[in-house]
Structures are given as structure tokens and as C-alpha cells.
Amino acid sequence: MSCNLDPYIFTTDTLPSDLRFLPPLANGLLGWKVFNNIMHMGGVYNGEAGHCHRADVPCPLAVKIETEDHAQHSYTLDTHTGIFSHDLRSSTVTASQSLYSHRFYPNILVMEVLLERHVTSEEPVIVNLVSSFTPQSKDIQFECSPDYKGGRHIQGQTSTAEFPGGSCPTVHLIWTPVPSTLTLPPEQTKARWGFILVVANSLEAARSSYDEGLNLMATGNLRPSHEKAWKELWLQSKVEVTGSQTLCKAVIGCMFYLLSAFPSIHDTSSCFGGVSPGGLSNGGDGQDYWGHVFWDQDVWMYPGIALFYPKLARSVLEYRVRTIDGAKDNAQKQGYKGLKFPWESAVSGREVCPEDIYGQQEIHINGDVTLAFQHYLYLTEDLSMFTEGKGSEVIFGVADYWVSRGMWNPDDQKYHLIGVMPPDEYYYNVNDSVYTNTVAQLSLQFAVELADLLQHPAPKEWQEVAKRINIPFDQELQYHPEFDGYSKGQPVKQADTVMLGYPLGVPMSPEVRRNDLEAYEPVTDPNGPAMTWVWSESSDGSGAVNFLTGMGGFLQAVLFGYTGFRVKKECLAFSPLLPDENWELCVRGINYLGNQMDWLIRKDDICIILREQTSRAGNTHPHKLQVVLKASGAKIPLTPGQPVTFPGEAGYVCKMDPPSSCWPL
């Protein structure tokens, strides 16, 4: 990538030789790698159980522009607008091809071509459109249908349902025919062409979206409506670093690709299919985990998005709610009560991992799902997600599973989780994984807390198991062994025990926290999954690409590391720590309890601007947001529109005054 003064614009003169690394364009429903003849649609899978994968959908916009004359190429991804451009400049013409997944109308993909003549000539300018599209898929048997308003139309159905008796989704494609050449007549200096592709699950939806696309083109609002939607997103979130352009561009790129994986903030369809490690552009048969949803979504990608966008955060929780029936089926098949969320999830919530051992033993996924719900409640106080939204069924069902799964040992008077696989997948069939047991304990405690809040009678076993579950700890070495029987110095695959400090927030002394970090840092496999890497799953470029898990982890390192943000039951705590005197970290649009705040963090001071303050339902008067300095107890009120600057000492919390209607302080 070449250097660009605007950190939101990424430009290069050459495309990657490894086509896996072509830029993806997605909008939460459709995902496509530019120039590729295959795309994917959220929620459209083919294959049963472990053979389930994202269904390949052919892409009619798999087109490259070429000129007869020698031309200079440039490729640009503008993350301001979510538009990828390919520009060719010859001695006679500049040809610009723009591609984008529409941010507001998610069923639409767009290609635009602009030709601009450089010199007056009596000769026409001709540009070739080279297509690799064929209306075929190994997952969907497509058939031609009658043209619709000049658009080509094919439709088909996946061949195999996710589980016996399940449905096979239908896919309709309607698109503007793409000619083999475009001609700029001698009398014209420039001309523009637009092509749209619509992908939908029904004929009615496909035709409606195509009509919308044609209308937007006719009124000149196709591109502006897309750009407006991206602008609206960026107005609600911005993370920028002054002092390191490389870091700044990396953070912006991560935010862009994570946001691309989520639906529009105006989407009311409630059919979001979750976020997989490689995003929507990947996930075909044998590729990037088949497009399945893992704990990556709930633990690694979700927190950074939830900090800015409560509605997008809720869409993740709603995805899990829609899979309750499958989670119940998983638990019953294991012989337990409650809900067992799948290690790998598609649409139904039934286990679709190709290898049984992960679905059977990597049960920490249940606690990971609960963590996301807990984080959301503390961040928003949106109880409707847990009542009408049925989030309480998730929390209570997970608690029932832990009670059913735990084994009581009368000798040590503790409950144990035996025969599990920790997040560190180098080990399996171990007992008392410290991470697994800890997230089980936390989710049981949250179930009790939520039951009290909703005035729901909580089974006494929830509290009992939470209190007595075994959390491995080595008293002599003062550190947490990864599981019962782990010997210090054994290699580990990835972050596991160190996650007790963050994100789990387990109370421990600084000595124990340091001991955990120093115990596992030197034995973590450098070739393991890079959960805080940015682009590929492994540092050598192998594994999943456009690795959203790594982007989410990297973003959390900035958002929760340099700022020290911690979303707690009673407050939003923060303790900034910047690594360099010349750095400034600007974080705009933090959304806490309905309040939007902009933060400017420098080495010596912090400035906060409260954008707006919202009275929440059920409150008789608006709450006042204030910063409390932990050391002195001084309270600094925040008033909308008025910047507040204070010294950069470590240790603050944001609180409501008077106290929140839901949580006693």
C-alpha cells in the first residue's frame, strides 16, 4: 500500500499475487471479494451438520476493465465510503471502475464505470469488460427465469439442509446485463454506466430490491445513499491515533471491516446471520471455517463494536436467541439440561463442527455467549433484550447446563467440569480448565443477578455451583495453571489463562496477574492463531484471511488497553496509558447508558465531550453523567456540548448521578 495522507484511504499500484487477499466488500448480508466470480449471502448454507458451509453464489459483477492501449493501474479502497476503485490511465482515456456492497440497501451490489477522454479525437474510445462469471454453483442448482425489467434472472435452491427436516434456502439473482465492451463516442468527453446485482431469498424481495435499485439509478441517488449510510456510521464511531500513521490506518481498517460484517443500523429484518472469522466474503466448502460462527464473534469481535453501536451489539445477541432451539437440542444429545451453544454455528444453532470433539468438549462457548449479553446489559441497561427479546432464556438456559454438566466431588466439596477442551486446543479431555470453569462461574453469577432484576425465582443450584466450582490455582507458584494437571512450561496454542485478567476481569493481585502473563508468554506457540493479529489468522499469511477475529482483538487492545475502559455493573471505568509522549488517542462516539461521548486522551490530560444525554424509559428525570477520580473522590459533572479536561492520572470511573434505575451503586 502506498502512503496516503488520508488514513481512511488505502491505495496500491498492484493487486496481491495471492488472490485470497483481494479486498472484500460486505454489508452484513452480502459478501464478495472484488473480481471474484463467487460471493456469499448471510444465512445461506449448504450441507448437513459437519458438511455445512456457506453456499457459493455466482457473481455477475466479476468483471475487470481493460484498454487496448498501455495503461497505468491503481487500486483504491476508500473506507470513508466503502467503495473499491480500479483506475486505468492511458494516453487517451482514464477508465474508473467502482465496486461496492450497498450499505443501506443490503440486497444490492453495484458496479459503476466512468470513461473520461484526455484528447480530442474523431475515434471512439473502447474499453473491454472481461467477465469470469458463469451462472453456476456447486451448491445451488440455478435455473434461468424470465428477464425482469431488462435484468437477467436466475433462481435456485441449496441441495442439502443443515439438519434433517430443515429447510433449504432459495436464492434469486437479478442483474443488469454486462456487455463485453463500453464505447465513448467521439463527440463525448465522458460517460458513466451503472450495473446492479440483486440477491434475495424470494422472488418478491428480489424484484422489490431491483425496482429500488433502478429507481435509485434513475434519480442519481444510488451512490449517494450508500455513501450517506457509511458517513452515518463513521459519525457514530471514530478511533484515530496521532503520532503513528501505521497504527492509525490499522485501527481504521479494522473498524471498517468489522462494521462491514454487521447489518445496517437501520435494518429491521432481524435476520442477521452472525459474524464468522473470515467474514461473509469467505466460507465456502473447506474455506475459512466454512463460514461458521464461533466464540470469535462474542468475545473477540463484539466488544469493540458494542462500545459504539448498541443496535449492532443487540443484533449479535438476537442471532444467539434465534439459535435457542438448536442449543437445546445440542444439550439433550449430550445428556444434559438447558442450552449448549454449538462450537461452530450456522443458522439453526445445531452443532456443525466437522469434528465431534470440539462440539463435545469446547463448552466454554456457553460462557462466552453469556459474557456478551452481560456486557450489553451493563453498557445499555436495555432490559427489553432480556424480556421481549428473550435474552433471559439464553442466560437461564446456560445456567441450567452448567448445573447439569458440573460433577460434585464430596472429597474436596467442589464442582468440577471434566472432559473438556480449553480455548487452548492443544489439550483435550482435560478436567477443570481454568478459563472454562471461570466463565461458567461468571455466567451462573450473572444468571442469579438477572433473575433478581427480573424478579424471576432463581434455582438455588445456580448460586451453589457458582460458589463451589473449582478454579485451579497453584498456591506455591502463585499462578493459575491452565487446567488440572497442567505443568508450568508446557506449550500452549493461544491466549487462554491470561484471559482471566482481561476480558474476564477476575479479581487478583498484581503479583498473580504478572505471574500468569510471565508463565504463558514464553510458551505460547508463535505459529498459533493470531487472535490480535490484523489481516491473516497466522503471522505467515496462512489460515483464515480478512481475519475478523484478529481485527477484533487488535481493536480491543487499543480501545480497552490504551484507554483502560472496563464496562462494569456500576460504571464505565477507565485508566488511560499511552506508550509515547507524542501520542494522542481520539475515541469518538462511546455510547454508555444512552450517552454519547468523545474522548481525547493525551499523556498528561484527558478531554471528554458529552455529545448528548438521553433519558431512558422508566426514568422520571434524566441522569447526570459524571467522572469520579478514584484517588481523591472528586466528581466532575459532564454537561452536553461542554468539554471537560482533567489531569491524566490513572483510575477514573464514569457514573450516573442520581444512581441508575437498574443498578445500585
| remark: Summing +1 per Lys or Arg and -1 per Asp or Glu among the other residues with Cβ less than 15 Å from residue 107's Cβ gives -2
| task | Can you pull the one-decimal nm distance between simple spin-label points at residue 456 and residue 204, each 7 Å off the Cα toward Cβ? | result | 3.4
| query | With charges set only on the Cβ (+1 for Lys and Arg, -1 for Asp and Glu), what does the dipole of the stretch 169-236 come to about its Cα centre, in debye to the nearest 20? | reply | 200
| task | Give the accessible area for residue 13 in Å² (nearest 10); use a 1.4 Å probe, count only protein heavy atoms, and leave out ligands, DNA and RNA. | result | 110
| message | Using a Förster radius of 51 Å, what is the FRET efficiency between residue 449 and residue 584 based on their Cβ-Cβ separation? Nearest 0.05, please. | response | 0.85
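Just the accessible area per residue of the stretch 352-428, please: how many Å² with a 1.4 Å probe? It would help to have the intermediate numbers written out before the result.
Working: 2670 Å² over 77 residues.
Value returned for the stretch 352-428: 35 Å² of accessible area per residue.
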| field | Loop-resident sites, the stretch 1-97, for GluC sites (Glu not before Pro), counting at most 12 other Cβ within 10 Å (DSSP) | value | 68
| query | Can you put 625, 477 in order of accessible area, largest first, using a 1.4 Å probe? | reply | 477, 625
| Bins of 5 Å from zero: percent of alpha-carbon pairs in the stretch 35-194 | 2, 8, 15, 17, 16, 13, 11, 8, 5, 3, 2, 1, 0, 0
| How much accessible surface area, in Å² rounded to 10, belongs to the heavy atoms of residue 225 with a 1.4 Å probe? | 20
| task | Specify the inter-centroid distance of the stretch 58-107 and the stretch 361-432, based on alpha-carbon positions, in whole Å. | result | 47
| residue 477 versus residue 630, label points 7 Å from Cα toward the beta carbon: distance in nm? | 2.9
| query | Averaged per residue, what accessible surface does the stretch 1-103 expose to a 1.4 Å probe, in Å²? | reply | 36
| note | Expressed per residue, the solvent accessible area of the stretch 142-256 in Å² (1.4 Å probe) is about 47
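Could you compute how fast the stretch 393-460 diffuses translationally, taking Rh as the Kirkwood radius over C-alpha pairs and applying Stokes-Einstein at 37 °C with viscosity 0.692 mPa s? Give it in µm² per second. Don't jump to the answer; show the numbers that get you there.
On the way: Rh = 13.0 Å.
Stokes-Einstein gives a translational diffusion coefficient of 252 µm²/s.
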| said: Taking the 0 to 90 degree range and rounding to the nearest ten, how far is the long axis of helix 391-405 tilted relative to the main principal axis of the chain, both from C-alpha atoms? | reply: 50
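Which of the trypsin sites (Lys or Arg not before Pro) found in the stretch 460-564 are loop residues per DSSP with 15 or fewer other Cβ atoms within 10 Å of their Cβ?
Within the stretch 460-564, the qualifying trypsin sites (Lys or Arg not before Pro) (loop, at most 15 other Cβ atoms within 10 Å) are 488.
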| remark: In degrees, nearest 10, the alpha-carbon axis of helix 310-322 is tilted away from the dominant principal axis of the alpha carbons of the chain by 80
| field | In degrees, nearest ten, helix 203-219 long axis to first principal axis of the chain (Cα) | value | 60
| Considering only the other residues whose Cβ falls under 10 Å of the Cβ of residue 640, what net charge follows from Lys and Arg at +1 and Asp and Glu at -1? | 0
| task | Starting from one equal scatterer on each C-alpha and no solvent at all, send me the Debye-based log10 I(q)/I(0) for the stretch 363-500 at q = 0.09 Å⁻¹, two decimals. | result | -0.29
| said: Which residue, 222, 210, 176, has the largest displacement toward the positive end of the dipole of the stretch 159-239 when charges sit on each Cβ (Lys, Arg +1; Asp, Glu -1)? | reply: 222
| message | As a test of reading the structure, rank 131, 167, 392 by solvent-accessible area (1.4 Å probe, protein chains only), most first. | response | 167, 131, 392
| 30 Å Cα-Cα reach of residue 138 towards lysines, excluding residues that sit fewer than 8 places from it in its own chain | 33, 64, 149
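About the Cα centre, and with charges only on the beta carbon of Lys, Arg (+1) and Asp, Glu (-1), how big is the dipole of the chain? Nearest 20 debye, please.
On the way: 49 positive and 75 negative charges, 331 e Å.
My answer is approximately 1580 debye.
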| request: Principal axes first, then extents: for the Cα atoms of the chain, list largest minus smallest coordinate on each axis, whole Å, largest first. | output: 92, 60, 53
| said: At a 10 angstrom cut-off on C-beta neighbours, averaged per residue, how do the peptides 135-142, 254-261, 416-423 rank from highest to lowest? | reply: 254-261, 416-423, 135-142
| query | Tally Lys and Arg at +1 and Asp and Glu at -1 over the other residues with C-beta under 10 Å from the C-beta of residue 502: what net charge comes out? | reply | +2
| task | Sort 276-289, 582-595 for me by packing, meaning the mean count of neighbouring Cβ atoms within 10 Å per residue, highest on top. | result | 276-289, 582-595
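If you roll a 1.4 angstrom probe over the protein chains with everything in place, what fraction of the accessible area of the chain belongs to carbon and sulfur, to the nearest %?
Numbers: 13670 of 27000 Å².
Exposed carbon and sulfur together represent 51 percent of the surface.
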| note | Largest-first ranking of 599, 290 by accessible area, probe 1.4 Å, whole protein assembly kept, is 290, 599
| field | Heavy atoms of residue 123 accessible to a 1.4 Å probe, total area in Å² rounded to 10 | value | 120
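The values are calculated or read from the model by the stated rules, or taken from the named source; none is laboratory data. Every value quoted in this text rests on a predicted model; they were computed, and no experiment measured them. Cβ coordinates were reconstructed from backbone atoms using ideal geometry, including for glycine residues, and neighbour counts include every protein chain displayed. Each accessible area value is taken on the protein alone, full model and side chains, heavy atoms only, with ligands, DNA and RNA left out. Shrake-Rupley method; radii C 1.70, N 1.55, O 1.52, S 1.80 Å.
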